[in-house]
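Just below is one structure, and these are the notes that go with it.
Nothing in this text is a laboratory measurement; each read-out follows from the coordinates by a stated rule. All of these numbers come straight from a predicted model, not from anything done at the bench. Note: ideal-geometry Cβ built from the backbone for every residue, glycine included; neighbour counts use all protein chains shown.
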Amino acid sequence: MSPVIALQPAGCADVPVLRERGQREVFCGLTGIIWLHRKIQDAFFLVVGSRTCAHLLQSAAGVMIFAEPRFATAIIDERDLAGLADANEELDRVVTRLLERRPEIKLLFLVGSCPSEVIKLDLSRAATRLSAQFSPQVRVLNYSGSGIETTFTQGEDACLAALVPQLPASQASAGPDPLMVVGTLADVVEDQFARLFDQLGIPVQFFPPRRASEMPPVGPGTRYLLAQPFLADTARALEARGAQRVAAPFPLGVEGTTAWLQAAAEAFGVSPQRLEQVTAAPRERALSALAKQRVNLAGKSIFFFPDSQLEIPLARFLSREMGMRLTEVGTPYLHRQHLAQEIDWLPAGVQLSEGQHVEQQIDRCRALAPDIVVCGLGLANPLEAQGLTTKWAIELVFTPIQGYEQAADLAELFARPLNRRLRLAA
Ligand code: SF4
């Protein structure tokens, strides 16, 4: 396969999309803390929420909780809700105690929740007040992870968008800005991409970084490449600081990874020959690993409930590289610009849906009887009980799936439940 892919402006504007509004079955943005706290290693996430929020985090983090976790919940109790206690005073007390006990914290996020929004606790004022008190040792920022009208990957978007105004300004005199890769990637994936960019001769910085002190500079000379498809607000905030997006599909599968690297190569004037030299070996390895998984997936039908916002790039990978048949591809939000190339790569006539009316969607799913359904945890068990094979959407966000080395692992995530169903039926 040639690495050079036609990255033309996409003509997706006329793809019909079924738009639905109704009851939704999704996790809230607090879930993002699970992968964000692992990425920014000197950051702490303090949820200002209820016991429900604390339970959500603890069950989502599960076994990952160890002696000194880097997230916690400041519980808003009945006294706060009834207005009997001054929630701001309590918050200041909790933060002071936390920062005394944990001097390694350099960046503290106050994370809003449904309860903090309901009592209209102004966390941005609290963050400004606490930042003034604790800077320069600690920066305090805030964002909302509330489940009111959001979906779980928007937690990362809100967190990164809150960080963008804090990024240092890039200096034109210091030469061209490095490429900024935007979106949390597992360290192992980030290291692989860093090596590939290095071989291509493209200087690169990742956002978010691993440490609060390593925030990448941004300015009118910055070109950024999205590594995740759910970062609309972050992209807007970067563009408000002058950065320009390098349009590309997302680095899922061999084709997506190659096109993503190619878009960066073109933006930085790297020749197609160099791209070919650098990507040939990992591409070949990934293609042969994928061939083994294709046997399990080709011809199988798949239905996506809207959940992670990864649905469209995943559907593109599964249909083009794995030969799967797309029935319906649901996504919570459809960002036509960021997903333009992805939509262009979907097979003609595919049913896209945006938003959710869960009962109607379940009816459509049952009628289509797909071989596998990608959905949230809340829907998985009931659908399994009705004989459908499911894959939890959240697992696709928690697992390293981007890049050449992970392409076959990504395919296997879909092959495994299908094989398990076959074994159970045998
Ligand atoms: S933020 Fe809202 S949706 Fe999320 S756990 Fe807390 S109460 Fe539930």
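Among the lysines, which have Cα under 17 Å from the Cα of Lys292 when same-chain residues fewer than 8 positions away are ignored?
Straight-line reach from Lys292, under 17 Å: Lys300.
With +1 on the Cβ of every Lys and Arg and -1 on the Cβ of every Asp and Glu, and nothing else charged, how large is the dipole of the chain about its Cα centre, in debye rounded to the nearest 20?
Details: 41 positive and 46 negative charges, 111 e Å.
Roughly 540 debye for the chain.
With unit charges on the beta carbon (Lys/Arg positive, Asp/Glu negative), name the residue among Gly355, Phe71, Phe414 whose Cα is farthest towards the positive pole of the charge dipole of the chain.
It is Phe414.
Within 10 Å, count the other beta carbons around each residue, average over each peptide in 307-314, 87-94, and list them highest first.
307-314, 87-94
By average Cβ neighbour count within 10 Å, what is the ranking of 354-362, 389-397 from highest down?
Details: 354-362: 17.9, 389-397: 20.4.
Result, highest mean Cβ count within 10 Å first: 389-397, 354-362.
Tell me, what ³J(HN,Hα) does each residue in segment 302-319 have, in order and in whole Hz, if you take phi through Karplus 6.51 cos²θ - 1.76 cosθ + 1.60 with θ = phi - 60° and put x for Gly and Pro?
For segment 302-319, the Karplus curve yields 9, 10, 10, 7, x, 8, 8, 6, 8, 4, 5, x, 5, 4, 4, 5, 5, 7 Hz.
With just the Cα atoms defining each centre, how far is segment 96-133 from segment 35-64? Give it in Å.
Comparing the Cα centres of segment 96-133 and segment 35-64, I get a distance of 14 Å.
About the Cα centre of segment 230-355, what is the dipole size in debye to 20, counting +1 per Lys and Arg Cβ and -1 per Asp and Glu Cβ, all else neutral?
In total the dipole reaches around 300 debye.
So what are the ³J(HN,Hα) numbers for segment 335-347, from phi and the Karplus equation (6.51, -1.76, 1.60; θ = phi - 60°), rounded to whole Hz, Gly and Pro as x?
8, 4, 6, 5, 9, 3, 5, 5, 5, 4, 8, 6, x
Checking the cross-link filter: which lysines have an alpha carbon closer than 29 Å to that of Lys39, excluding same-chain neighbours under 8 positions apart?
Lys106, Lys391
Near the amide H of Leu226, under 5 Å away, which other amide H atoms are found, from residues 5 or more places off or on another chain, if H is placed in the peptide plane?
Result for Leu226 returns Val182, Val246.
Taking only the Cα atoms of segment 273-336, how large is their convex hull per residue, in Å³?
Cα convex hull per residue, to the nearest whole number: 111 Å³.
Place +1 on the Cβ of every Lys and Arg and -1 on the Cβ of every Asp and Glu in the chain, take the dipole about the Cα centre, and give the residue among Val278, Pro165, Phe152 whose Cα lies farthest towards its positive end.
Among Val278, Pro165, Phe152, the one farthest towards the positive end of the dipole of the chain is Val278.
How many percent of the alpha carbon pairs in segment 29-150 exceed a separation of 18 Å?
Numbers: 3550 of 7381 pairs.
Cα-Cα pairs of segment 29-150 separated by over 18 Å account for 48 percent.
Which residues' amide hydrogens lie under 5 Å from the amide hydrogen of Glu328, considering only partners 5 or more residues apart or on another chain, with H built in the peptide plane?
Phe304
What fraction, in whole percent, of alpha-carbon pairs in the chain exceed 43 Å separation?
Percent of Cα pairs beyond 43 Å in the chain: 13.
Could you work out Rg/(2.2 N^0.38 Å) for segment 295-364, with Rg from alpha carbons only?
The reported ratio for this selection is 1.06.
Which values, in whole Å and largest first, are the semi-axes of the equivalent ellipsoid of segment 180-273 obtained as the square root of 5 times each eigenvalue of the Cα gyration tensor?
19, 15, 14
Taking H as built 1.01 Å from N, whose amide H comes closer than 5 Å to the amide H of Thr389, not counting residues under 5 places away?
Counting only residues 5 or more places away or on other chains, the set is Val373.
Where does segment 289-426 land on Rg/Rh, using Cα atoms and the Kirkwood Rh?
In segment 289-426, Rg relative to Rh is 0.93.
Farthest toward the dipole's positive end in segment 180-273, which of Gly269, Ala186, Thr257, given Cβ charges of +1 (Lys, Arg) and -1 (Asp, Glu) about the Cα centre?
It is Gly269.
Tell me, what ³J(HN,Hα) does each residue in segment 113-125 have, in order and in whole Hz, if you take phi through Karplus 6.51 cos²θ - 1.76 cosθ + 1.60 with θ = phi - 60° and put x for Gly and Pro?
Working through the residues one at a time gives 9, 4, x, 5, 6, 5, 8, 6, 6, 7, 6, 6, 5 Hz.
In percent, what relative contact order does the chain have, based on Cα pairs under 8 Å that are 6 or more apart in sequence?
19
Could you grab the relative contact order for segment 277-426? Cα pairs under 8 Å, six or more apart, rounded to a whole percent.
Computed value for segment 277-426: 28 percent relative contact order.
Quick check on packing: order 247-260, 204-217, 270-283 by the mean number of other C-beta atoms within 10 Å, highest mean leading.
247-260, 204-217, 270-283
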